[in-house]
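Trainee: The structure's right below; bear with me while I get my questions together.
The values are calculated or read from the model by the stated rules, or taken from the named source; none is laboratory data. Owing to the predicted nature of the structure, the values given are computational and were not obtained by experimental measurement. Note: ideal-geometry Cβ built from the backbone for every residue, glycine included; neighbour counts use all protein chains shown. Accessible surface areas use protein heavy atoms only, side chains included; no ligands, DNA or RNA. Shrake-Rupley method; radii C 1.70, N 1.55, O 1.52, S 1.80 Å.
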Amino acid sequence: MPILLKIDSSPMGERSISRKLTAAFAKTWSTAHPGGRVIARDLTAIDIPVIDGGWVGAAYTPENARTPEQRETLTISDSLDCRFAGGR
């Protein structure tokens, strides 16, 4: 199944030309890939912390061996469905 990651970052909201372009592209892409999936991220709407050594350590720790702190560290990235690109 093809996947398109659509990222918006303009703080201009509905007045943003780049947001209009990404929306139009995603619509065209979806028509061309009817079984595809669009993952949309608005970087102005979510607060994503910087990846640091704690995050890397948690990500490379087997799931059943993670501490409660490591699970908390990965909460945001897990909610963003980061595994679609072959990641952890």
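Trainee: Please go through segment 42-74 and pick out each residue that is among the β-branched types (Val, Ile, Thr), surrounded by fewer than 13 Cβ atoms within 10 Å (Cβ to Cβ) and part of a helix (DSSP H, G or I).
Mentor: Within segment 42-74, Val56 is the sole residue that qualifies.
Trainee: Also: Which pairs have Cβ atoms under 8 Å, sit 6 or more apart or on different chains, and link a residue in segment 50-64 that is touching a residue at least 12 places away in the same chain (Cβ under 8 Å) to one that is small (Gly, Ala, Ser)?
Mentor: Partner pairs satisfying both residue conditions: Trp55/Ser77; Ala59/Ser77.
Trainee: Within segment 36-52, identify whether any single residue is over 18 Å from the mean Cα position of the chain (by Cα) and modelled with pLDDT of 95 or more, and answer yes or no.
Mentor: Here is the first cut: in segment 36-52, the residues over 18 Å from the mean Cα position of the chain (by Cα) are none.
No: zero hits.
Trainee: Further question on the same structure: Under the condition of being over 14 Å from Val38 (Cβ atoms) and outside any helix (DSSP H, G or I), which residue from segment 1-23 is nearest to the chain's Cα centre (by Cα)?
Mentor: It comes out as Ser9.
Trainee: Go through segment 1-37 and count every residue that is open to solvent by 50 Å² or more (accessible area, probe 1.4 Å) and either among the charged types (D, E, K, R) or in contact with a Phe, Trp or Tyr (Cβ under 7 Å, 6 or more places away or on another chain) (or both).
Mentor: Qualifying residue count, segment 1-37: 6.
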